[in-house]
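The values are calculated or read from the model by the stated rules, or taken from the named source; none is laboratory data. Just so you know, these numbers come straight off a predicted model, no measurement behind them. Backbone-built Cβ (ideal geometry, glycine too); neighbour counts: all protein chains shown. Note: areas computed on protein heavy atoms with side chains; ligands, DNA, RNA excluded. Shrake-Rupley method; radii C 1.70, N 1.55, O 1.52, S 1.80 Å.
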Amino acid sequence: MSERVFGAGLKPREDPALLRGERQYTADIALPGTVHMEFLRSEHGHATIRGIDVTEAQAMPGVLRIVTGADLEGHLMPLPCIWVPGGVESHFPPHPYGLPGAGTALATGRVRFIGEPVAAVVAETRAQAADAARAIRVDYEVLPAVITPEQALADGAPQLHDAVPGNLNARWTCGDADGTEAALAEAEVVVKLDLHNRRTINSPLEPRAAVGDYDPLTGEYTLYATTQSPHNHRFLLSALVLGIPFNKLRVVAPEIGGSFGTKGYLYPDMPLVLFLAKELGRPVKWQDSREGLMCSTVQGRDHRQYASIAGTRDGKITALKCTSYANLGAYPSTIGPGVATALMGRSITGTYDIEHAFCEVFATFTNTVPLGAQRGSGRAEATFLIERLVDRFAATIGMDPAEVRRRNMVRPEQQPFDNRMGWLYDSGDYGAALERALEMAGYADREAAKRAARARGKLLGVGISTFVAVCGVGPSPRIAKEGMLGGSWESANIRVHPTGEVTLTIGVTGTGQSHETTFAQIVAQEFGVAVDSVQVLHSDTTKAPYGQGTYGSRSYSVGGPAVQIAARQVTDKMRLAAAHMFGVDDSAVVFRDGSVLVEGDPEKTKTFQDMAMALWYGWDLPPGMEPAIDVTTTFDPADFNYPYGAHIAVVEVDEVTGDVELVRYIAVNDVGPVGNPLVVDGQIEGSIVHGVGQALMEVAQYDQTGALLTANLDRYAIPRAADVPFFELDRMETPTPHNPLGAKGAGEAATVPTAAAVTNAVCDALAEFGVQHIDMPLTAETVWRAMNAATTSRSEAQ
Amino acid sequence: MLSRFDYTAPVTSREAIADLGLPGTRPLAGGQGLLTAMKLGRLAPPRIVDLRRIPELQGVAESPGGGLRIGAMTTLTQLADVPGLPERYPALSEAAGAIADPQVRNRGTVGGALVDHFTASDLAAALLVYDATLDVIGPAGARTVAMTHFYTLNGPDLATADIVVAVNLPAPVAGWRTAYERRADRATLAPLVGVAVSVPAAGGPARVAVTGATRWPALLADLPAGAEGAGIDVGPDSRFVDDDVMSAAYRAHLTRTLIGAAIRRAGSRDA
């Protein structure tokens, strides 16, 4: 086989069945005798529960069991939080094992956010369970709520957790505080900017779901759930929530309809369906609704940042400082505190070489839905900060923002580059990505484009945003130092069957990223076999090798190398066995294009299939070699990997209405060598749309009582296809030295710079009005008000 | 999840009126509002009367005076597909084609758009500038209501068990040109501001109706010829809706802007 399979844009093999609705999602699972669970959720942001009366609900048709927080004591431990802000004092709700706790599965004594589960009802049908949940009477004493971190940290603020004084989870810092203060004091130019990177709600097509089953004969539990980390959740649920042996819990992740990070978290429904399945002796199913998702699945972003950038009049950035108030929500989500601290704070220098930088984050609890990942989490908030600041700095010194970037970017010869905040960038030419994007955008001709737009009543703006994003989580010892209680290696198992077909079983779980195609391509390339002969299995903890989950753009860049290493162990075994069969030294045998052969001796060649059969029979193997081909490897990368790129947004703002139209979007990304460009481009386009959504329309809004105003998709706008132009994409492929594939994270990287590119473009369009900054989302009215306010204040000043 | 309800699908309006007289009963037309509200738990009517089998609510027909009679159960897609509609009633054609998305237009009906979605009814604004009337039947008998009088402080002028049977659209008035402009809410696609205009080719004041931006669809005062930009008088901001999605001031600003755009577009049409 001479054609390269690796790197080919094969159409995903799983898509036809997915598109026809023929694959099985968690909600499709219908075990015999299944009963249905529904939650009664808190209707208050903050309230004491004085009593719960289930009398009427309990008597309703079909109702089998109602449980409240009190019923779970002694049965279910609180959920754990496994990412403690590293290196600083931190405070959490309790867990009996001394770990950080993340709240009980059902509220006990108090509710702390709207949507918090108060009771669970199991009935014969979902409708009966929902009706009964509505009939439960809860006697609440409403308490004052805190919605923003600054409210929560104020003197005399309502306190959420006894174990968390002042609602402060941690004050986390990184960088050089004194040096940064000194550099700011000495600088020729200091530009300050206050930013509100507001909260967003993830909107995967499929809301979450869970099915619990229990076998009394074996004492084994099975959880089918929308989890992107089945092995890790197996560990956390068995050991830290249910208190049962690891090998008494099986976790299966069926098809998952999108996640963007949200399904990597533990949620109350997971242990509850298992507990109730055992109690009732019947499988228990729970499926969320859209409105349930919006008030219970982890939300994203939410930083209030006070930043300063300093530099010289000739464009050299000398210092960067950020104080951020991060909103963790009412409870720490499974890895939420790490998202809000390290992933954001260590990333604020972006693609630039900044000698003095410092970041402090006040990670704070409030009466809002718990915060977690959203595609590009932490890094997107940091990139928005630095890329907005660079534009403000450029405007202040009167320099082209592209030129300021050129003068400060990390140069390729500086790689690997220590950003002085904790990340060691790995490879690449950031300036080359910028120049390519500028060329594609026709940046040099932008003034002519602005004039042409102006003639049509449109204000054209061009916004640049560069990025480098820590991805591919990660080396296990490194992630431990960061405060994460877990490993972060990956594994793969390859079985070559006697007939030469292959089964690859991977530790990672897809949520719609075409794993079954891309991973098969790695194996087909290594073996020189048809890609269709490679079966890919995953996501069932009794069948798959261990894996640490799909997050931080790590499936391909950490799981992929494990697959490649396993494949090479297979071909090496074939090579050694063939050398024995040929009666030659193994150094004379090579594996090439699906065959083992001795160079220059056409008699001495055997196909992949021949060797598969020979190893299956095991009749003539070298001494000590085990028969059959069944290889499992694990891979723990040397370090993170760092995809980067440069994006340019071109917008037209209507000078009368403030409407923003994204007319062009140019993106140059380097995610390393690409296994399947069709899949990667799909990821990049989806990532960009995600960022555009935050820039132009998405925002979660709470009122002062903690009520979620954007409680459904009729109030929370997400982008539609017509809201984005055709993307102009290009790619650079610099391998990371940290894994043998050279692969870098691709799933979320392109979200990281997008909101900044769009916002920079809008602010560029409005520069003539004196507009310096507008917080997202840049709705038409927001932009119109900014134009008017600037015009009014200027005319008043005259 | 729907809660339990009784369902009837009568074949005459008389039966429907009788069924609708029972307390708590809701009529079902295309279901695009009612079923969504029920699935979200915002409404839980114990009884539903489906209007789909009543012949007189169906179909679009030429009326004797050169206009159209549009049955209330006509879907929005059927309305947009009426031959000659874009030429005879451009504003109505544009409004019908702009509502929500194709799936909603395939199920949603003219009656539903005027009664259930009245606060943001694209159709209502268009029908107002054409001086349409509605045939209504109910326990008190049949009557005809002008669109200009249909919406009140308390919602559509319908008594319990009243049914909108049809819309009567007068023949197009020679020498008047119409257009419809809207600004959709990004989440719902409903008009935050919808504006229908009818402009005399010979010059003179334009007729203007607005929907979405005001508490109910209404004609504005006739607009003097030549009014532009801030000179377009839409009344005080206080008549506009003010909520978390958009302020009254911006709705008023958009209304002026869209009126200007609609008048320019209408004026550019062949008379």
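Look through A:PRO144, A:PRO149 and report the one residue that is touching a residue at least 12 places away in the same chain (Cβ under 8 Å), out of contact with any strand residue (DSSP E or B) (no Cβ under 9 Å at 6 or more places or on another chain) and more than 14 Å from chain B (Cβ to nearest Cβ). Working first, answer last.
Numbers: A:PRO149 fails: out of contact with any strand residue (DSSP E or B) (no Cβ under 9 Å at 6 or more places or on another chain).
Residue meeting the stated conditions: A:PRO144.
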- Message: I need every pair where a residue in region A:521-532 that is over 13 Å from A:VAL596 (Cα atoms) has its Cβ under 8 Å from the Cβ of a residue that is open to solvent by 10 Å² or more (accessible area, probe 1.4 Å) and in a helix (DSSP H, G or I), sequence separation at least 6 or different chains.
- Response: A:GLN521/A:VAL531; A:ILE522/A:GLN564; A:ALA524/A:VAL531; A:ALA524/A:SER533
- Message: So, in region A:89-108, exactly how many residues are open to solvent by 20 Å² or more (accessible area, probe 1.4 Å) and either under 10 Å from A:LEU240 (Cβ atoms) or within 24 Å of the chain's Cα centre (by Cα) (or both)?
- Response: 5
- Query: Among the residues of region A:755-772, is any touching a helix residue (DSSP H, G or I) at 6+ places or on another chain (Cβ under 9 Å), in a helix (DSSP H, G or I) and within 14 Å of chain B (Cβ to nearest Cβ)?
  - Reply: no
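Pick from A:LEU293, A:LEU276: which is within 14 Å of another protein chain (Cβ to nearest Cβ), under 30 Å from A:THR104 (Cα atoms) and not polar (S, T, N, Q)?
Of the residues listed, the single one that is within 14 Å of another protein chain (Cβ to nearest Cβ), under 30 Å from A:THR104 (Cα atoms) and not polar (S, T, N, Q) is A:LEU293.
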- Go through region B:36-52 residue by residue and tally those that are open to solvent by 40 Å² or more (accessible area, probe 1.4 Å), more than 16 Å from B:ALA166 (Cβ to Cβ) and in contact (Cβ under 8 Å) with a residue 12 or more places away in the chain. 6
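Taking region B:215-261, which residues are assigned to a helix (DSSP H, G or I), farther than 19 Å from A:GLY658 by Cβ and either within 14 Å of chain A (Cβ to nearest Cβ) or among the hydrophobic types (A, V, I, L, M, F, W, C) (or both)? Before the answer, list the steps.
Taking region B:215-261 and keeping what is assigned to a helix (DSSP H, G or I), we get B:229-231, B:237-239, B:248-261.
Still in the list and also farther than 19 Å from A:GLY658 by Cβ: B:231, B:238-239.
The one that is assigned to a helix (DSSP H, G or I), farther than 19 Å from A:GLY658 by Cβ and either within 14 Å of chain A (Cβ to nearest Cβ) or among the hydrophobic types (A, V, I, L, M, F, W, C) (or both): B:GLY231.
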- Identify all residues within region A:1-42 that are open to solvent by 30 Å² or more (accessible area, probe 1.4 Å), under 22 Å from A:LEU537 (Cβ atoms) and polar (S, T, N, Q); write none if there are none. A:GLN24
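Is it the case that A:ASP670 is on the phi < 0 side of the Ramachandran plot and open to solvent by 20 Å² or more (accessible area, probe 1.4 Å)?
On the way: on the phi < 0 side of the Ramachandran plot: yes; open to solvent by 20 Å² or more (accessible area, probe 1.4 Å): no.
When the stated conditions are applied, A:ASP670 does not pass them.
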- Name the residues in region A:284-305 that are over 16 Å from A:GLY345 (Cα atoms), open to solvent by less than 20 Å² (accessible area, probe 1.4 Å) and small (Gly, Ala, Ser), would you? A:GLY292, A:SER296
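Is it the case, given these coordinates, that A:LEU280 is more than 28 Å from A:VAL699 (Cα to Cα) and open to solvent by less than 10 Å² (accessible area, probe 1.4 Å)?
Numbers: more than 28 Å from A:VAL699 (Cα to Cα): yes; open to solvent by less than 10 Å² (accessible area, probe 1.4 Å): no.
So A:LEU280 does not fit the description; no.
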- Note on the structure: Heads up, the strands (runs of 3 or more DSSP E) in region A:112-195 (entirely inside) with at least 2 residues that are open to solvent by 30 Å² or more (accessible area, probe 1.4 Å) and among the β-branched types (Val, Ile, Thr) are A:137-142
- Message: Can you pull out every residue in region B:99-110 that is within 12 Å of the chain's Cα centre (by Cα) and part of a helix (DSSP H, G or I)?
- Response: B:VAL110
- Item | Count of residues meeting criterion [charged (D, E, K, R) and touching a Leu at 6+ places or on another chain (Cβ under 8 Å)] in region A:383-422 | 5
- Query: Name the residues in region A:755-772 that are open to solvent by 10 Å² or more (accessible area, probe 1.4 Å) and touching a strand residue (DSSP E or B) at 6+ places or on another chain (Cβ under 6 Å), would you?
  - Reply: A:ASP764
- Given (1) within 22 Å of the chain's Cα centre (by Cα); (2) outside any helix (DSSP H, G or I); (3) surrounded by fewer than 22 Cβ atoms within 10 Å (Cβ to Cβ), number of the condition A:ILE244 does not satisfy: (1)
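Looking only at region A:336-392, how many residues end up being in a loop (DSSP other than H, G, I, E, B) and touching a residue at least 60 places away in the same chain (Cβ under 8 Å)?
Of region A:336-392, the ones in a loop (DSSP other than H, G, I, E, B) are A:346-351, A:353-355, A:366-370, A:372-378.
With touching a residue at least 60 places away in the same chain (Cβ under 8 Å) added as a condition, the list becomes A:346-351, A:353-355, A:366-370, A:372-377.
Summing the residues that are in a loop (DSSP other than H, G, I, E, B) and touching a residue at least 60 places away in the same chain (Cβ under 8 Å) in region A:336-392 gives 20.
Does B:ALA171 count as free of Cβ contacts under 8 Å to residues at least 40 places away in the same chain and more than 14 Å from chain A (Cβ to nearest Cβ)?
Numbers: free of Cβ contacts under 8 Å to residues at least 40 places away in the same chain: no; more than 14 Å from chain A (Cβ to nearest Cβ): yes.
The answer is no for B:ALA171.
Among the residues of region B:181-194, is there at least one that is more than 16 Å from the chain's Cα centre (by Cα) and more than 14 Å from chain A (Cβ to nearest Cβ)?
no
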- Query: For residues in region A:404-457 being aliphatic (A, V, I, L, M) and surrounded by fewer than 18 Cβ atoms within 10 Å (Cβ to Cβ), which is nearest to A:PHE726 (Cα to Cα)?
  - Reply: A:MET440
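Of all the residues that make up region A:722-754, how many are within 14 Å of chain B (Cβ to nearest Cβ) and either open to solvent by less than 50 Å² (accessible area, probe 1.4 Å) or at pLDDT 95 or above (or both)?
Applying the first criterion (within 14 Å of chain B (Cβ to nearest Cβ)) to region A:722-754 yields A:722-724.
Now drop any that are not either open to solvent by less than 50 Å² (accessible area, probe 1.4 Å) or at pLDDT 95 or above (or both), which leaves A:723-724.
Summing the residues that are within 14 Å of chain B (Cβ to nearest Cβ) and either open to solvent by less than 50 Å² (accessible area, probe 1.4 Å) or at pLDDT 95 or above (or both) in region A:722-754 gives 2.
Strands (runs of 3 or more DSSP E) wholly in region A:601-670 with at least 3 residues that are over 39 Å from the mean Cα position of the chain (by Cα) - which ones? If you could, list the steps in order and put the result at the bottom.
Numbers: elements: A:601-607, A:629-635, A:644-654, A:660-670.
Those strands (runs of 3 or more DSSP E) span A:601-607.
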- Query: Does region A:524-536 include one or more residues that are out of contact with any Lys or Arg (no Cβ under 9 Å at 6 or more places or on another chain), open to solvent by 10 Å² or more (accessible area, probe 1.4 Å), of a type outside the set (A, V, I, L, M) and not assigned by TED's automatic domain parsing to the domain that holds A:GLY560?
  - Reply: no
- Out of all the residues in region A:93-114, is one or more within 21 Å of A:ALA707 (Cα to Cα), basic (Lys, Arg) and away from chain B (no Cβ under 14 Å)? yes
